[in-house]
Amino acid sequence: MQKKIIIAIDGHSSTGKSSFAKAIAARMGYLYVDTGAMYRAVTLYALRHGFISPQGDVEEDRLTSALPAVTITFVRDADGRNMTCLNGENVEHEIRDIRVSSYVSRVSAIAAVRAHLVRLQQQMGIDKGIVMDGRDIGTVVFPAAEMKIFMTADPHVRAERRYKEMKSNGSTVSFDDVLANVLRRDYEDENRSVTPLRRAPDALLLDNSRLSPEEQMEWLEKQLGVPCAGTE
Ligand code: DC
């Protein structure tokens, strides 16, 4: 039996962080935590309570005072999928909608929101045996994580993957718009004033532009020095 560790995964958008993190957690029998879902849940809370104006301005003071009343948990549904709960209510679908997506970067730039969520994330990792993905996991949440991975891929490859996914969901979006969105999100993530996206100096770089999911898992096993299955 191996000692449980913390695996911190950060990186650019549309690099498949959450799919990889989920696959690692399933292989190792670890808990998976999607921190983007937590920022999305707080955004939903702010929208529901009228803390975001129609122009998109967030009432920071009111949201900050309400934070102690915001609890976020994860439960598994019957098919083993992770469901995000806001104060006990399953909001997994609602947090992915366009309304939440368009305000989440503003809410996640608020220092008090970050402090609240970072605290919750650190509590979730207290017993280790956790795979957490986000933008600041290896730098802020778990700077002493035993394994840190920073994921990236060529922007054109990421845009191509997202474009195919959106097309198969019936979207009429153009490839150029998807590429512009990928580049804009990179810029916003790397240039925001509060905890911008950075690769921790000790994070392993995983460029998956030309890797299949199976090859990514082989890469991980090589880094860990053991097969992932049954390492709990
Ligand atoms: O990964 P995602 O698209 O679901 O993330 C939603 C938003 O939350 C995105 O704007 C980046 C932000 N985020 C963050 O600031 N810090 C994290 N640890 C995770 C996500």
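The values are calculated or read from the model by the stated rules, or taken from the named source; none is laboratory data. The structure displayed is predicted, hence computed values, not measured ones. Don't worry about glycine lacking a Cβ; one is built from the backbone with ideal geometry, like all the others, and counts go over all protein chains shown.
Out of segment 74-89, which residues are within 26 Å of Ile7 (Cβ to Cβ) and loosely packed, with under 14 Cβ neighbours inside 10 Å?
Let us first name the residues in segment 74-89 that are within 26 Å of Ile7 (Cβ to Cβ), namely 74-77, 79-86.
Hits for segment 74-89 are Val75, Arg76, Asp77, Asp79, Gly80, Arg81.
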Would you mind stating whether Ile137 is touching a residue at least 40 places away in the same chain (Cβ under 8 Å), within 12 Å of the ligand (Cβ to nearest atom) and of a type in the set (Val, Ile, Thr)? yes
Kindly check whether there is at least one residue in segment 172-180 that is under 22 Å from Ser105 (Cα atoms), surrounded by 13 or more Cβ atoms within 10 Å (Cβ to Cβ) and in contact with a strand residue (DSSP E or B) (Cβ under 9 Å, 6 or more places away or on another chain). no
Out of the residues in segment 152-167 meeting the condition of being assigned to a helix (DSSP H, G or I) and acidic (Asp, Glu), tell me which one is surrounded by the most Cβ atoms within 10 Å (Cβ to Cβ). Glu160
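Is it true that some residue in segment 188-195 is within 16 Å of the ligand (Cβ to nearest atom), without any contact (Cβ under 8 Å) to a residue 12 or more places away in the chain and either surrounded by fewer than 14 Cβ atoms within 10 Å (Cβ to Cβ) or within 19 Å of the chain's Cα centre (by Cα) (or both)?
Checked against the condition, which is being within 16 Å of the ligand (Cβ to nearest atom), without any contact (Cβ under 8 Å) to a residue 12 or more places away in the chain and either surrounded by fewer than 14 Cβ atoms within 10 Å (Cβ to Cβ) or within 19 Å of the chain's Cα centre (by Cα) (or both), segment 188-195 yields at least one hit.
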Only one of (1) modelled with pLDDT under 90; (2) of a type outside the set (Phe, Trp, Tyr); (3) surrounded by 12 or more Cβ atoms within 10 Å (Cβ to Cβ); (4) not in a helix (DSSP H, G or I) fails for Arg185. Which number is that? (4)
For segment 36-63, enumerate the residues that are surrounded by 14 or more Cβ atoms within 10 Å (Cβ to Cβ) and of a type in the set (Lys, Arg). Arg40
Right, Ile126: over 21 Å from Lys17 (Cβ atoms), away from the ligand (no atom under 14 Å from the Cβ), surrounded by fewer than 12 Cβ atoms within 10 Å (Cβ to Cβ) and at pLDDT 95 or above or not? yes
Which one is farthest from the chain's Cα centre (by Cα), of the residues in segment 105-114 that are in a loop (DSSP other than H, G, I, E, B) and among the hydrophobic types (A, V, I, L, M, F, W, C)? Ile110
With respect to the numbered conditions (1) in contact (Cβ under 8 Å) with a residue 60 or more places away in the chain; (2) assigned to a helix (DSSP H, G or I); (3) within 19 Å of Asn208 (Cβ to Cβ); (4) hydrophobic (A, V, I, L, M, F, W, C), which one is the sole condition not fulfilled by Leu117? (3)
What number of residues within segment 105-123 satisfy the criterion of being under 17 Å from Thr71 (Cα atoms) and within 11 Å of the ligand (Cβ to nearest atom)? 7
Go through segment 1-104 and tell me which strands (runs of 3 or more DSSP E), entirely inside it, have 1 or more residues that are farther than 18 Å from Leu120 by Cα, touching a helix residue (DSSP H, G or I) at 6+ places or on another chain (Cβ under 6 Å) and within 14 Å of the ligand (Cβ to nearest atom). 6-11
